[in-house]
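To start, the structure itself, in structure tokens.
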Amino acid sequence: MIDIHCHILPEVDDGAKSWDIAVKMCRMAAADGIEHIVATPHANDRYNYDRRFLARKLDQLRCAEAAPSLSLGSDFHLSYENVQDALIRPEYYSIDGSQYLLVELSNFGIPAQVEATFSQMVDLGIIPIITHPERNPILQQTPTRVLRWVEIGCVVQLTASALTGAWGERVSNAAEWLMKREAVHVLATDAHDLERRKPVLSDAREEVAAVYGDDIADALVQHNPGAILAAQALPYFPDPVVGR
Ligand SMILES: [Fe+2]
């Protein structure tokens, strides 16, 4: 399996608090069957994103731990300043310099023009990956917006632990709503530590396999994230089921 969203780099954001925890997170992920992790430090008002500095940290973690393999992306907050910068140099923030960019929306307000921003990105060859819409209180109320974004070309990433109930019923219901409409393309851990937000994908993969079958489960944790790493089109990207 491949995890495209993980706060594993130590001492840079609210993820791994120390090198020891980062190394243990690598081991926990490897034991779970995760072969590759994209380290995705926050790029927001609270945490400055310095790609060269972060790449050096990633190299140090690579030296410390042989598996899983690692690459760099960002957990990109969709602020005005961030968007302006990403339109000029998307590779600074994207997953391994590819066209795929993890995008996190505010829990407190999603402006109407976000759809135009996504369209602008897609037109420029940048593919937004909407991170954990199931955990966003605004999108829980207006989930059809997510379907429209998929129709534009956005990719949707759910938190693995949202499907196993770790975030409560409201979040798991929102996750199921999107799963039923075939509007989910990737599961990722969004791990921050070794306890509450662990780097584990297998439980959610089993959950998806039991309800939707092995083919979709494998697409969400292996084939689609693999295509993202390879900067290719997603093999599983159906038209979302609308009108239900
Ligand atoms: Fe995150």
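Brief remarks on what is shown
- Residue in the stretch 144-151 that is open to solvent by less than 10 Å² (accessible area, probe 1.4 Å), within 18 Å of the chain's Cα centre (by Cα) and among the aromatic types (Phe, Trp, Tyr) present: yes
- The residues in the stretch 165-175 that are within 17 Å of the chain's Cα centre (by Cα), over 19 Å from ASP75 (Cβ atoms) and either part of a loop (DSSP other than H, G, I, E, B) or not polar (S, T, N, Q) (or both) can be counted, and the count is 1.
- Verdict on TYR80 being among the hydroxyl-bearing types (Ser, Thr, Tyr), touching a residue at least 12 places away in the same chain (Cβ under 8 Å), out of contact with any helix residue (DSSP H, G or I) (no Cβ under 9 Å at 6 or more places or on another chain) and over 27 Å from GLN232 (Cβ atoms): no
- Filter result for LEU139 (closer than 21 Å to PRO240 by Cβ and surrounded by fewer than 23 Cβ atoms within 10 Å (Cβ to Cβ)): yes
- Residues of the stretch 1-29 that are within 16 Å of the ligand (Cβ to nearest atom) and either in a loop (DSSP other than H, G, I, E, B) or within 17 Å of PHE53 (Cα to Cα) (or both): HIS7, ILE8, LEU9, PRO10, VAL12, ASP13, ASP14, GLY15, ALA16, LYS17, ALA22.
- Within the stretch 30-69, if we keep just the residues that are in a strand (DSSP E or B) and more than 16 Å from the ligand (Cβ to nearest atom), the residue that is most open to solvent (accessible area, probe 1.4 Å) turns out to be SER69.
- TYR92 fulfils the conditions (1) in contact with an Asp or Glu (Cβ under 6 Å, 6 or more places away or on another chain); (2) surrounded by fewer than 20 Cβ atoms within 10 Å (Cβ to Cβ) except for a single criterion, (1).
- Qualifying residue in the stretch 207-219 (condition: over 19 Å from ALA31 (Cβ atoms), more than 14 Å from the chain's Cα centre (by Cα) and either in a loop (DSSP other than H, G, I, E, B) or among the basic types (Lys, Arg) (or both)): yes
- Boolean, GLU115 is closer than 16 Å to VAL156 by Cβ and within 16 Å of the ligand (Cβ to nearest atom): no
- Test result for ALA231, open to solvent by less than 40 Å² (accessible area, probe 1.4 Å), assigned to a loop (DSSP other than H, G, I, E, B), away from the ligand (no atom under 16 Å from the Cβ) and within 27 Å of GLY125 (Cβ to Cβ): no
- Of all residues making up the stretch 183-199, the number that are away from the ligand (no atom under 15 Å from the Cβ) and either surrounded by 19 or more Cβ atoms within 10 Å (Cβ to Cβ) or part of a helix (DSSP H, G or I) (or both): 3
The values are calculated or read from the model by the stated rules, or taken from the named source; none is laboratory data. Keep in mind that what you see is a predicted model, and the values were worked out from it rather than measured. Every residue, glycine as well, gets a Cβ built from its backbone with ideal geometry; the counts of neighbours run over all protein chains shown. These area figures cover heavy atoms from the full protein model, side chains too; ligands, DNA and RNA do not enter into them. Shrake-Rupley method; radii C 1.70, N 1.55, O 1.52, S 1.80 Å.
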